[in-house]
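Single-structure report; data block below.
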Amino acid sequence: MLYYSINKQSSKADFKEATIKGQAPDKGLYFPEVIPQIPQELIENINSYTREEIAYKVIQPYVGDTIPGNILQNIIKETIQFDFPLVEIKEDIFSLELFHGPTLAFKDVGARFMSRCLGYFVQKGDKNVTVLVATSGDTGGAVANGFYGVDGVDVVILYPSRKVSSVQELQLTTLGKNIKALEIEGSFDDCQQLVKQAFADAELNRQLFLTSANSINVARWLPQQFYYFFAFQQWKDKSNLPVICVPSGNFGNICAGILAHISGLPVRHFIAACNANDVVPQYLQNGVYESKKAVSTLSNAMDVGHPSNFIRILELFRHEYPAIKSALTSYSITDDETRAIIKKTLEDYSYLLDPHGAVAFAGLEKYLAEHPSEKGIILETAHPVKFYDVVEPIINKPVEMPEAIQSILPKTQSKVKMSPDYDKLKEFLLG
Ligand SMILES: *Cc1c(COP(=O)(O)O)cnc(C)c1O
């Protein structure tokens, strides 16, 4: 399998090259040259397959011969070694819980898969790879955890001081080993600017093998297909297929779902639920795509004004607007609606949603109101405890701490405080 750059200026790359580079030299996103088809037999007999077997069938064509079969099997096993339960919230709405991984958010899947692939690819090199990431909260934890203890890889995470939740900070700063956390006395934009500067610094790049763990990386994007298949496996009424509603920011997650569907996974329809950042809902409504400056909301992991993966959805539909419109519906949900949903689902169904899952729930309810005979699944992308500062005042009681969080509370944080000064970062990286 080869990947072309959506900008069509760079040469094609195999999975290894696309994973190491992240983005094509012409700054385009990599896109698979062909979309593999899942054997019909697997779909018909999905309950007789293990999750590992399904994931292998899904991802192997994308990896090709860049990773031997037995090693790929092992990478998959480590990537998905937690649960992906489909839980009924009410008669017509089910929650696919994607928060049972180590950092309690769906990004664990992509980050764990990518880190292990990269670890394999750099194994034989003589130079360690340094993964440099700026995070506003969730990505950093998933990436740090995914790369923890991977030989040959050092991870440096930049996060804005006092702007990540305390749970998120603990997840970044208590690992140690090959994970280093830099607390930048500035904003997320400052962190991102420093990372950009490092990638553009030719002298630094001669001395270090730098790479990013950005969400556009194919090794983070593609494995997100797995849990759409796991959802179908657990879906009881296969004669009435589910609508799937994905809380979306950068649109990587939903794009993986649509890819799985085009590869043969039965799904009735997709819904992208957005917060006030409504570039895609606007586009689907009036055909005009206009990126905007991101605005802050309660579902902050989706505060994206220029969704970087949406171009891949356009590519999947060959930029044919009517085809996109018939496969995908999108809603913009306000913070007031989000609060109301969190409160109501807890009161009426004893189910506590995080703000992102609540946006999805609101979107799915809007859709089902117009399609009353249908049923749907929301992707619950994070555990509510990750956003307890938002959730607790809404429900007026504390959110229960799962084991994964309790165990890091007593750990000592290790971090380096730094002003947003590129020379200091460079000195740190070279030191
Ligand atoms: C990143 C994130 C999202 C958005 O996913 P995209 O792939 O960027 O659309 C939604 N919910 C949570 C909890 C996230 O961390």
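Here are the numbers for this structure:
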item: J(HN,Hα) series, the stretch 186-191, from Karplus relation 6.51 cos²θ - 1.76 cosθ + 1.60, nearest Hz, glycine and proline x; result: x, 9, 4, 4, 4, 4
item: Heavy atoms of His100 accessible to a 1.4 Å probe, total area in Å² rounded to 10; result: 80
item: Eligible lysines near Lys375 by straight Cα distance, threshold 17 Å, same-chain separation 8 or greater; result: Lys90, Lys236, Lys238, Lys366
item: Those residues of the stretch 188-212 whose amide nitrogen sits under 17 Å from the label point placed on Lys27, 7 Å along Cα→Cβ; result: 192-202
item: Sequence-separation-based contact order of the stretch 1-147, relative, with Cα cut under 8 Å and 6+ spacing, percent; result: 17
item: Surface share of carbon and sulfur [accessible, 1.4 angstrom probe, percent] for the chain; result: 48
item: Per residue, in Å², the accessible surface of the stretch 85-188 once ligands and nucleic acids are set aside, probe 1.4 Å; result: 31
item: Accessible area of Met302 in the full protein assembly, 1.4 Å probe (Å², nearest 10); result: 10
item: Calculated from backbone phi, Karplus (6.51, -1.76, 1.60) coupling profile of the stretch 407-422 in Hz, x at Gly/Pro; result: 6, 8, 3, x, 6, 7, 7, 10, 8, 10, 7, 8, 6, x, 10, 4
item: Helix-only CD estimate at 222 nm, as mean residue ellipticity for the chain, using -39500 (n - 2.57) per DSSP H run (n ≥ 4); result: -12500 deg cm²/dmol
item: Shape of the stretch 273-336, Cα gyration tensor, a/c cut at 1.5; result: prolate
item: Over the chain, relative contact order from alpha-carbon pairs under 8 Å, at least 6 apart, %; result: 18
item: Prolate/oblate/rounded label for the stretch 240-354 (Cα gyration tensor, a/c 1.5); result: oblate
item: DSSP loop GluC sites (Glu not before Pro) with at most 16 other Cβ within 10 Å excluded, longest remaining stretch of the chain; result: 186-289
item: Of Leu104, Leu118, Cys191, farthest towards positive along the dipole that unit charges on Lys, Arg, Asp, Glu beta carbons give the stretch 84-195; result: Leu118
item: Proximal lysines to Lys16, defined as alpha-carbon separation beneath 16 angstrom and excluding residues fewer than eight positions away on the same chain; result: Lys124
item: DSSP-defined beta bridges in the chain - what % are antiparallel, rounded to 5; result: 20
item: Summed side-chain charge close to Tyr228 - residues other than Tyr228 whose Cβ falls under 15 Å, Lys, Arg +1, Asp, Glu -1; result: +2
item: Lys/Arg +1, Asp/Glu -1 at C-beta; the chain dipole; positive extreme among His261, Gly22, Ile408; result: Gly22
item: Karplus-derived HN-Hα couplings along the stretch 295-305 (A = 6.51, B = -1.76, C = 1.60, θ = phi - 60°), whole Hz, x at Gly and Pro; result: 10, 7, 9, 5, 9, 5, 6, 10, 7, 10, x
item: Probe 1.4 Å, accessible area per residue of the stretch 391-431, Å²; result: 68
item: Solvent accessible area, Å² - Ser326, 1.4 Å probe, full protein context; result: 80
item: Summed residue charge, Cβ within 14 Å of Asn240's Cβ, Lys/Arg positive, Asp/Glu negative; result: 0
item: The stretch 111-154: trypsin sites (Lys or Arg not before Pro) falling in loop per DSSP and having at most 15 other Cβ within 10 Å; result: Lys124, Lys127
item: Spatially near lysine pairs across the stretch 377-431, Cα under 20 Å, sequence gap of 8 or more or different chains; result: 5
item: Gyration tensor (alpha-carbon) shape descriptor, the stretch 112-163, a/c threshold 1.5; result: prolate
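The values are calculated or read from the model by the stated rules, or taken from the named source; none is laboratory data. Just so it is clear, the structure is predicted and the values come from calculations on it, not from any experiment. Note that we place each Cβ from the backbone using ideal geometry, even for glycine, and neighbour counts take in every protein chain shown. Each accessible area value is taken on the protein alone, full model and side chains, heavy atoms only, with ligands, DNA and RNA left out. Shrake-Rupley method; radii C 1.70, N 1.55, O 1.52, S 1.80 Å.
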